[in-house]
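I have placed the structure first, in the form of structure tokens, so that the comments after it can refer back to it.
The numbers here are math on the coordinates, done by the rules we state, and not lab data. Every value quoted in this text rests on a predicted model; they were computed, and no experiment measured them. Backbone-built Cβ (ideal geometry, glycine too); neighbour counts: all protein chains shown.
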Amino acid sequence: MIKTKNPQASHEHEHEHEHDEPQDAPPPAPLSGEPLGEEPAGPHRCGFITLLGAPNVGKSTLLNRLIGERIAITSARPQTTRNRIPGVLTRPNSQLILIDTPGLHDGKSALNRYMDIVAHEAVGDSDLIALIVEAGVGPDMQVGVSQITLRALETLRAHEKRVFLIINKIDRLPREHLLPIMDAYKDSYPFEQVVPISGLKGDGVEGLLRALSAALPEGPALYPEDHITDLPERFFAAEIVREKLFRRLDQEVPYSTAVTIDTWRDLGERGTTIEATIHVERDSQKGIVIGKGGAQLKEIGTQARQHLERLLNTRVHLRLFVRVEPRWTRSERAMKKLGYEERR
Ligand SMILES: Nc1nc2c(ncn2[C@@H]2O[C@H](COP(=O)(O)OP(=O)(O)OP(=O)(O)O)[C@@H](O)[C@H]2O)c(=O)[nH]1
Ligand SMILES: [Mg+2]
């Protein structure tokens, strides 16, 4: 299980690998390690908050920012997240169980349907929805409400969900552009609050956190203080390899990849040996993942290993294999084999 690290150790590590960290990674200092600001006195609060929204609006970046650890993979490509990813943040007077979800979209493959189901199921489980939208989309920074968001709002209305509208990426536009965006959304739902933020830079995030905490139902913490997530280390190892694939490969190739962990050996002081397989849909994609003389695969392996060493806080020996699972994104059976299985 992944738990909060010793802040000192994690800081040193971060420094050591400073230059490996991709440009868009959230900064190391976790919010939970900074002064938390004022929390209203009163009863302890605890609840589930689902982060929902179109692909690429910044849900996973925000989850990581709130938790203070890079547990959810992120990339500049839409449809990076494929699973429900819980992250727990414990504050002095509240515990927030945040759920990252795949971006809502209407793709028709079995994998697309799976992702859509995962996102919708997470809605049912939550006390609050954080609906995330981008401030200004496309080259002219359009402010309209997307069809995807409108459809999500219909579902939320049917379930009478309490919704925070989070306008993300405000670092990309001048402040005076915010008002028209808020205006565009104003009649689309009785939002509990509308909060502009930059998940990447951190603007407005502490305020958001306070508002979310205050809106949760009263109740005791459900997890111990140092608990961050329920998912096993193996899941995160596979996700980290997938993140590198999403960041390094072009066009359709990342969407045809899945990663499974084949062996995991703990060698004590000598670290951990992990063998993983990258599954692609076609022979040609296998060639692309491996690259000329194996260069691409080697680079993916190096980046994933460094990221894993930071997460696991130990030396990692990572061996990657590539194999073809023909048209797996179209077959529920093949998907199940690769770990994409419905919960219910
Ligand atoms: N400028 C800016 N970019 C952001 C911000 N938040 C996220 N991004 C970028 O937007 C891209 C998508 O971020 P993700 O967090 O992966 O988005 P997501 O909503 O989880 O995407 P899916 O998992 O594909 O649905 C990445 O390149 C992020 O760096 C922000 O506040 N400002
Ligand atoms: Mg995501």
In nm², what is the average projected area of the convex hull enclosing the Cα atoms of the chain?
-> 18.0
Can you give the helix-only mean residue ellipticity at 222 nm for the chain, where every DSSP H stretch with n ≥ 4 adds -39500 (n - 2.57) and the sum goes over all residues, rounded to the nearest 500 deg cm²/dmol?
-> -10000 deg cm²/dmol
Rg and Dmax of the stretch 233-337, Cα atoms only, in Å = 13.6, 43
Roughly how many whole Å is it from the C-alpha centroid of the stretch 194-220 to that of the stretch 59-87?
-> 16
Which distance in nm do the two modelled labels at L179 and L150 give, with both placed 7 Å along the Cα-to-Cβ direction?
-> 2.6
Normalising by the residue count of the chain, find the relative contact order in percent from Cα pairs under 8 Å and 6+ residues apart.
-> 18
